[in-house]
Amino acid sequence: MIDLTRAVDLSSEESIELWRVTNDGVMGGLSEGCMLFDHDHGVFSGHISLENNGGFSSVFRPVKGVPKKLHSIQIDVEGDGKCYQLRAVVFDNGYCLAYKQDFETIVGQRQVFTFPLTDFKASFRGRLISNAPILASSDVREVGLLVNNHEAGEFALSVFRIEFLES
């Protein structure tokens, strides 16, 4: 795991190599995605296929040492007009819960989104978990991104910053 104070490092080829990809191939799908390095930021990109019940791609990166009492996550991105999810992963009683927050991008426009941790929705294998505890910054073990638009085609999201904030 990577030690994290507040921000996820996206500034080097080595930092990008820490991201792992999970595509819909885990369910028989044919989508492909990756996280690449481009000068000073990461690019989550690929192709979504709806064949074989497919339709999503995701990338995750381990983190540790997220301070307690941080209350939001801020992302700085430039998108392609698609909807994405920011995900914060916790491990609870042997289960991996992904807390998710949707955000809509505008083609070619750099945007900064700030999401309170209390607004994240817990899910397990795509199903919402209504009785899950509120997301706490110190419980986060991975951060990630997911695209699941139920549309076939190319996608690309430039990611300049992912940072945990006090407010």
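Computed quantities for the displayed model
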read-out	value
Once exposed loop trypsin sites (Lys or Arg not before Pro) are cut out (DSSP; at most 14 other Cβ, 10 Å), longest piece of the chain	1-67
Distance in nm between pseudo-label sites at Ser130 and Asp38 (7 Å out along the Cβ direction from Cα)	4.1
Rounded to the nearest 10 Å², the accessible area of Leu157 at probe 1.4 Å	0
Ellipticity estimate at 222 nm from DSSP helix runs (n ≥ 4, -39,500 (n - 2.57)) divided over the chain, nearest 500	-500 deg cm²/dmol
Rg/Rh for the range 1-128, where both radii come from Cα atoms and Rh is the Kirkwood radius	0.94
Amide N of the range 66-88 lying under 18 Å from the label point, which is placed 7 angstrom from the Cα of Ile106 along Cα→Cβ	75-84
Sequence-separation-based contact order of the range 50-116, relative, with Cα cut under 8 Å and 6+ spacing, percent	36
Calculated FRET value between Glu163 and Tyr95, using beta carbons and R₀ = 30 Å, to 0.05	0.65
Residues of type aspartates and glutamates that Lys64 reaches as a straight line, Cα spacing below 12 Å, ignoring anything fewer than 8 places off in the same chain	Asp3, Asp139, Glu142
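The values are calculated or read from the model by the stated rules, or taken from the named source; none is laboratory data. Source: prediction; values computed, not measured. Note: ideal-geometry Cβ built from the backbone for every residue, glycine included; neighbour counts use all protein chains shown. Only protein heavy atoms, including side chains, enter the accessible area calculation; ligands, DNA and RNA are left aside. Shrake-Rupley method; radii C 1.70, N 1.55, O 1.52, S 1.80 Å.
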